[in-house]
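The values are calculated or read from the model by the stated rules, or taken from the named source; none is laboratory data. All figures in this text were calculated on a predicted structure; none of them were measured in a lab. Glycine also receives a Cβ, built like all others from the backbone with ideal geometry; neighbour counts cover every protein chain displayed. In case anyone asks, the SASA skips ligands and DNA or RNA and just uses the protein heavy atoms, side chains included. Shrake-Rupley method; radii C 1.70, N 1.55, O 1.52, S 1.80 Å.
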Amino acid sequence: MAAIAATLSIVVLGLTSPASAQWVRTRGPYGGSVSALVSDGAAVFAGTEAGVFKSTDSGMSWSATGWLGMGSSNTRALALDGHSVWVGTWETGVYHSGDGGSTWTHASNGLPGGVVLCLAPSGNILTAGTGVGAYRTTNGGGQWLPCNNGLSGYRIPFALVVRDTILIAGTDRGFYRMSLNDTTWTWTGCGFDSLQINELSLDSTGIWAASSGGVYYSSDDGATWINRFTLSGDTRFFSVFANHGVVYASTVDFVFRSTDNGVSWSSADSGLPSPQSTQAFAACGSTLICGGTAGVSRSTDSGQSWKDANDGLSDQSILALGAAGNSVFAATYDPPFSVSLDAGETWSMPIHHHDIPYLWSFAAIGTVFLAGGDSGIYRSIDGGLTWNTSNTGMANFAIDALLTQDSTVFAAGCCGGALFRSSDSGASWIQLSSDVGTYTLSTLAALGPDMFVSNGRTILRSTDRGRTWPDTEHAGNYAEIVRLIAIEGKLFAATGRGVYVSIDSGSTWVRTDWGKDDGGSPGWEVSDLVARGTNLFAVAVYHMQENADSESLFLSTDEGVSWRNITDGLRYLGRLALGDHDLFVGSLGVWRRPLWQMIPGLSVKESATLQVGFTLRASPNPFVDRVSIEYDASVREGVELRIFNSLGIETARLFSGMVESGTHSFTWDASGVAPGLYECIVRTRDGMRSLPIVLMR
């Protein structure tokens, strides 16, 4: 193919979304990294990279608070003071909520740097440990002032607690303390200047410390410290928590407990996810809660056993995202795989999900779902509830890309240009020609009889459905090609320098992106691209001159000629997937937004009915009690036919399965249904078509 070369000037439209348009966070996939926990006995708050979550049932279920997408949602510290909830972040300082987390205000005036590592409230005084020392506010965060006198070399406070009127700080070089009525810190003395103190916890008579050199205890408000627990080898402890006479301490891999004030310790990680680094503890009544890199767990027997408790808590980085109808599939790190059958309202993990390795792609052919990953193909024939390996003829190649064309599935991956074809919905595979080279194949597309594959730098074309692959020219000095999409006779390529389009099956290319790249300076890097009808959705990162990255989500309704930003507050954008009615975005969890909110002129009912090239008829229409619906299939393919009422609620599902080419007729018996306007929606691999039908009495 010719190198991607020409540039097409386009206009970026900075349109404002309507007030009703918004992204909605789904409730999953469950789990993620929890860096902070705090509880007042009635409610528990969990801090994650994706924001703050709240539980009112002792950690059994969680809901997102209003702390999402505000500046930086990456939470490092949590504190409670009466009815107030305080949040310290990695980037933008301190936020405050006075209504249990529903609304938040920025409270960082005077705080430098934005990095807040710990918070300690006491009366009207709130102290914050930051990356540049300690700061204090006495007016609810309206003004912060430094309080670093005596903190030699501006020690970094990683942990703060208040015992009576004494403030104790654990820093990167030992312990400091001072009276809340004072402004000068006192160092506890020699012997601890090589310790990094990671967390402090109060019990009824003393203070516990987790440090780089073990677990320490003070019975005199931090004036002196004694070692209570040290492990051979790596002695770093990251969290400690005292509760009802039991002390819990965690290392990077293990959790321990002591019931005799640290004299003896025993293992306390039975049932915890593995691997996990436990980073925080909290208690709600008799229930103990811990949070770590694999989410939240609960214990009702003082830490002797644990169970996962991540229902509604989602802080997962999304490796791959797929959607078919109302089903959504998300690949993550741990657990590796989650499924929602109701457009993200609820999520579950497939049976034996721990046996599934990392997944990188999804596809649907009729009612069969496929996933490609490090161990080849996984296949589900029951709506995504159970998955089994399906590598017959494939020899366990790692699969990075899947493509369905008519009734055929293609799979591409690494290890010598692996390219496979299945004619039985992924049950078995045959390897195609080895002409595709020896590189990892990362994306596939089909345009009529032509098939395209890319290894990231080169695009190859086959005119015989993948049997042979003629030599092709290198794709020029452009960054990685991450996605190929074919729509309406055109081939689109998402690359590290924007989106390109070819109208001659890849022979020549024109850039159709919004980038500011002038041939060498930093510009837009597109990381994902999906299409519905003639509408393109693209995730792009703009690498600005000052080395900051700005992620955005764009929509083009004219095949790439113009684009508008539809990010609307989303952060950490990743993979995209299109369902029947919604666009799904992987963004520390999965978010969704109805298509009708983004595509001009598209009604609510039409959001799943973007035009595709097949015919749909209903007779009689209007009708009384029974109507015959006819659909013309040009090839053997998977079809789903459903009826919706005027509120968008599914009323009937008439068919879901494979049909042969030709005309097919389905009958809807609506004798027990209220009269009114209904919408018949047919879904195939290529898209949707709808037909309004009127039921009369």
Place +1 on the Cβ of every Lys and Arg and -1 on the Cβ of every Asp and Glu in the chain, take the dipole about the Cα centre, and give the residue among V510, G601, G285 whose Cα lies farthest towards its positive end.
-> G601
Take each of the peptides 272-280, 169-177, average the number of other beta-carbon atoms within 10 Å over its residues, and list them starting from the highest.
-> 169-177, 272-280
In whole Hz, what ³J(HN,Hα) sequence does the range 46-53 give by Karplus (6.51, -1.76, 1.60; θ = phi - 60°), x for Gly and Pro?
-> 10, x, 9, 5, 8, x, 10, 10
So for the range 262-355, what percent of the C-alpha to C-alpha distances run longer than 21 Å?
-> 41
Using only the alpha carbons of the range 196-257, determine the length spanned along each of the three principal axes and report them from longest to shortest in whole angstroms.
-> 29, 23, 16
Accessible area (Å², per residue) of the chain, counting only protein heavy atoms and a probe of 1.4 Å = 39
So if R0 is 25 Å, what FRET efficiency would R457 and D504 give, r being the distance between their Cβ atoms, rounded to the nearest 0.05?
-> 0.75
Over all directions, the range 359-412 yields a Cα convex hull whose mean projected area in nm² is 3.3
For the chain, just the Cα atoms, rotate onto the principal axes and tell me the three extents in Å, largest first.
-> 85, 64, 49
Enter the accessible area of K307 (Å², nearest 10), with the probe set to 1.4 Å and all protein chains included.
-> 150
So how exposed is Y333, as accessible area in Å² (1.4 Å probe, rounded to 10)?
-> 120
